[in-house]
Amino acid sequence: MPVANDKARIVHVSADFPDAYAAQKTPAIARLVELSDHAFENHIISLNRRNPSKFRYAWPNLSVERVAQDGPVTTLAYTAPPVGLHHWRLLNNLGHQLAEMLRTVPRPDLLVGHKLTVEGICVARAAQLLGVPYALSVQGNTDTRILRARPDLRGRLARIYSEAACIFPFAPWAQRSVEEMLGVSARSATLLPCAMARDTIIPPRQGGDGLVTAFHLRNAKLKNLPAMTAAMANLRHSLPNATLSVIGGGSASDVAAAEAMAGDGTTFEGAIDNAAIARRFNRASGFVMPSSRESFGLVFIEALFAGLPIAYPAGTAVDGYFDDCPFAIRVDMRQPGALENAMRTLLEDEDDLKAALAEWQKSPAAQRFTRGTIGDRFVSGLRDAIGTKR
């Protein structure tokens with residue numbers, strides 16, 4: 001049904017949208033939707049999983065509660081056990097309920113599920129019942145983890161993936177990994193980096209004051225802080241002035257646990273306001289964070305835009321975007337000494353790396369990570385998807 005303002009009506013379904021139930025969720029999906037608001041009538045169904053009673057784990061019934069309605073954002077809570085129990089059945093049933101909910105409003109022109117292995121299940125079912133196309137984003141961390149844990153679902157997920165009108169992978173490695181596990185290719189795919197809150201570019205500054213990393217300290221193990229601090233301690237045998245500064249806040253217990261992982265040459269700076277972190281990055285020699293899991297790792301792009309060469313983990317985060325860029329060092333954590341060597345390169349070759357980064361900052365390759373370009377690519381992909389006939 002046409003909408004009054006002639007904009008196509010899109011319903012985004014996401015479990016990662018800040019809402020009345022959990023306001024602290026990552027803003028990545030919210031920023032994407034915001035960048036397309038000028039082109040579409042966007043509505044968001046924000047999902048939140050609740051555990052059922054433990055007595056219901058064996059065969060739980062789906063229960064869905066509308067927690068809040070805040071403008072275009074509908075906050076829902078649904079019951080499902082943890083660790084993927086009854087994963088397909090409950091999310092497929094949730095798709096039925098979403099379809100019934102959407103029948104009472106003007107019919108959407110497109111549904112978007114913001115992960116294949118969770119939201120994609122219910123969105124594909126709802127789209128089938130409503131007779132509309134659907135698109136999917138691919139978030140490598142969650143999607144590959146569930147595909148590895150549930151090989152029994154790969155056949156059905158492969159059909160959902162291949163029948164999507166458009167796929168929006170956050171990073172090249174994510175699309176490659178998902179398609180290898182599913183054995184299918186996307187009908188249409190638009191590579192879509194996550195958008196920064198602000199994308200001002202600061203030219204590199206020579207003579208940095210050491211290496212930095214940045215994360216909330218509750219995630220110290222996930223971000224591989226023990227490996228970073230061990231590599232720094234080893235590095236100082238040959239580069240005694242080398243340092244690693246850890247930026248990030250946390251509870252008293254988070255701080256104590258992180259400090260217990262630290263070794264020689266590692267210091268903690270605490271939390272820094274988002275508006276000031278780019279300037280802090282600019283003073284450093286290089287950024288390092290060999291996370292074990294990362295769907296995109298927006299902080300790597302923030303560091304590059306702040307004039308800071310990076311060392312990033314192979315097979316996750318921004319892998320695939322910077323294959324031929326000397327200022328972005330790919331670290332394979334399976335290789336002994338790879339992290340220490342990358343940190344050494346960031347320090348010893350700082351001038352050359354920053355000179356190459358300064359040229360990249362002026363290039364079209366850098367523009368692909370700006371808010372305007374990301375918004376344009378998202379809008380274009382969504383428009384193509386809306387034109388798809390089921």
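The values are calculated or read from the model by the stated rules, or taken from the named source; none is laboratory data. Since we're looking at a predicted model, the values are computed, not measured. Don't worry about glycine lacking a Cβ; one is built from the backbone with ideal geometry, like all the others, and counts go over all protein chains shown. These area figures cover heavy atoms from the full protein model, side chains too; ligands, DNA and RNA do not enter into them. Shrake-Rupley method; radii C 1.70, N 1.55, O 1.52, S 1.80 Å.
Points to keep in mind about this one:
- Seen from a random direction on average, the alpha-carbon convex hull of the stretch 211-368 projects onto 8.7 square nanometres.
- For peptides 343-350, 136-143, sequence by mean Cβ density within 10 Å, most packed first: 136-143, 343-350
- Amide H contacts of Val112 (H built 1.01 Å from N, under 5 Å, at least 5 apart or other chain): Val11, His12, Val13, Ala135
- Length-normalised contact order of the chain in % [C-alpha pairs under 8 Å, at least 6 apart]: 15
- Counting protein heavy atoms only, the chain has 49 percent of its accessible area on carbon and sulfur, 1.4 angstrom probe.
- For the stretch 265-347, accessible area per residue (1.4 Å probe, heavy atoms of protein chains only), Å²: 37
- Computed from Cα atoms, the angle from the helix 225-235 axis to the main principal axis of the chain rounds to 20 degrees.
- Taking all Cα pairs closer than 8 Å and separated by 6 or more residues, the relative contact order of the stretch 245-330 comes to 23 percent.
- Amide H contacts under 5 Å for Val138, placed H, 5+ residues apart: Phe168, Phe170
- Residue-normalised accessible area of the stretch 42-168, given per residue in Å² at a 1.4 Å probe: 40
- Relative to the dominant Cα principal axis of the chain, helix 338-348 is inclined by about 60°.
- Computed from phi, the 3J(HN,Hα) profile of the stretch 87-94 under the Karplus parametrisation 6.51, -1.76, 1.60 (θ = phi - 60°) reads 4, 5, 4, 6, 6, 5, 5, 4 Hz, with x in place of Gly and Pro.
- In the chain, the longest principal axis of the Cα atoms and the axis of helix 140-149 are about 70 degrees apart.
- Hydrodynamic radius of the chain per Kirkwood, over alpha carbon pairs, in Å: 22.2
- In a simple Cβ point-charge model (Lys, Arg +1; Asp, Glu -1; nothing else charged), the chain has a dipole of about 1440 debye relative to its Cα centre.
- Chain lengthening between Glu65 and Gln335 when straightened (0.36 nm per residue, less Cα-Cα): 92.4 nm
- Amide H partners (placed H, <5 Å) of Ala311, local residues excluded: Phe287, Val288, Met289, Ile329
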